[in-house]
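A.B. asks: Below are the structure tokens for one structure; questions will follow.
The values are calculated or read from the model by the stated rules, or taken from the named source; none is laboratory data. As the structure is a prediction and not an experimental result, all values here were calculated from the model. So basically every Cβ, Gly included, is an ideal-geometry build from the backbone, and we count neighbours across all protein chains shown. Accessible surface areas use protein heavy atoms only, side chains included; no ligands, DNA or RNA. Shrake-Rupley method; radii C 1.70, N 1.55, O 1.52, S 1.80 Å.
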Amino acid sequence: MQSHPNPEFNPSVTVHRDRGLQKVLERLIGTMERDALVVQTTNRLRETLQVDRVVLYYFYYQWQGQVTFEALSSEEFSILGSTGPDDCFNDEYAAMYLAGRVRAIPDIESEAIATCHRDFLRQLQVRANLVVPVLTPKGLWGLLVAHHCQAPRQWLPSDIELMQIEAQVLAAAPCIQES
């Protein structure tokens, strides 16, 4: 009687499978840590700044991205999954944010911005906008954005500083740097 080795009981196969499962588990834990950090950050910013919406716009490929997280004062302000205006966010804007640009717009109706940008912000019900880059060693990971939707808003230096600090905290987190 000849026995055939069962791969389930082969130690080298088991060790290889266990390493693979360990890698999957580590990636899952990292994703959960990242998501929890972003949710806490966006919620804290929305409450502290008293705005209608704070979002994380994540870049998944060469200036292509979407809103992956949002904290809202009301569900009517949800823009989760929004990808932004393709014709407005180009390499020039990306380079400015990559260089650390912070953009505070107190009123989109009176600010000198591109028509496509204004139309896009109107479509999202934005009246005032504050954008801060999340810069990791790999580059521009995302944008942390506060939207005041119901009226113009004069952004205070402390508002801008808070957003910058929170973006830096996100950028420094290992779970963000590894994603």
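A.B. asks: Taking the stated definitions as given, is Arg101 of a type in the set (Lys, Arg) and without any contact (Cβ under 8 Å) to a residue 40 or more places away in the chain?
C.D. replies: Spelling it out, Arg101 is indeed of a type in the set (Lys, Arg) and without any contact (Cβ under 8 Å) to a residue 40 or more places away in the chain.
A.B. asks: I would also like to ask the following. When only residues in the range 42-66 that are without any contact (Cβ under 8 Å) to a residue 12 or more places away in the chain and either under 13 Å from the mean Cα position of the chain (by Cα) or assigned to a strand (DSSP E or B) (or both) count, which is surrounded by the fewest Cβ atoms within 10 Å (Cβ to Cβ)?
C.D. replies: The extreme case among them is Tyr61.
A.B. asks: Moving on to the next point. Provide a single number: the residues in the range 84-103 that are open to solvent by less than 40 Å² (accessible area, probe 1.4 Å) and either closer than 22 Å to Ser73 by Cβ or of a type outside the set (Gly, Ala, Ser) (or both).
C.D. replies: Going through the range 84-103 one residue at a time, the tally reaches 4.
A.B. asks: Taking the range 144-179 as the search range and keeping residues that are open to solvent by 40 Å² or more (accessible area, probe 1.4 Å) and of a type in the set (Asp, Glu), which one is farthest from Leu124 (Cα to Cα)?
C.D. replies: Taking the candidates together, the pick is Glu178.
A.B. asks: While we're here: I'm told Val39 meets every condition in (1) open to solvent by less than 70 Å² (accessible area, probe 1.4 Å); (2) over 27 Å from Ile176 (Cα atoms) except one. Can you identify the failing condition by its number?
C.D. replies: Evaluating Val39 over (1) open to solvent by less than 70 Å² (accessible area, probe 1.4 Å); (2) over 27 Å from Ile176 (Cα atoms) leaves (2) as the failure.
A.B. asks: Could I ask something else about it? Collect the residues in the range 119-143 that are more than 17 Å from Gln50 (Cβ to Cβ), open to solvent by 40 Å² or more (accessible area, probe 1.4 Å) and either of a type in the set (D, E, K, R) or touching a residue at least 12 places away in the same chain (Cβ under 8 Å) (or both), keeping them in residue-number order.
C.D. replies: Asp119, Arg122, Leu135, Pro137, Lys138
A.B. asks: Another question about this same structure. Open to solvent by less than 50 Å² (accessible area, probe 1.4 Å), free of Cβ contacts under 8 Å to residues at least 40 places away in the same chain and closer than 17 Å to Val54 by Cβ: does that describe Ser78?
C.D. replies: no
A.B. asks: Can you pull out the residues in the range 47-96 that are over 18 Å from Leu121 (Cα atoms) and modelled with pLDDT of 85 or more?
C.D. replies: Answer for the range 47-96, where residues must be over 18 Å from Leu121 (Cα atoms) and modelled with pLDDT of 85 or more: Glu47, Thr48, Leu49, Gln50, Phe59, Met96.
A.B. asks: Is it the case that some residue within the range 104-118 is touching a residue at least 24 places away in the same chain (Cβ under 8 Å), surrounded by fewer than 17 Cβ atoms within 10 Å (Cβ to Cβ) and under 19 Å from the mean Cα position of the chain (by Cα)?
C.D. replies: Checking the range 104-118: not a single residue is touching a residue at least 24 places away in the same chain (Cβ under 8 Å), surrounded by fewer than 17 Cβ atoms within 10 Å (Cβ to Cβ) and under 19 Å from the mean Cα position of the chain (by Cα).
A.B. asks: Is it fair to say Arg34 is open to solvent by 40 Å² or more (accessible area, probe 1.4 Å) and basic (Lys, Arg)?
C.D. replies: So Arg34 passes the test.
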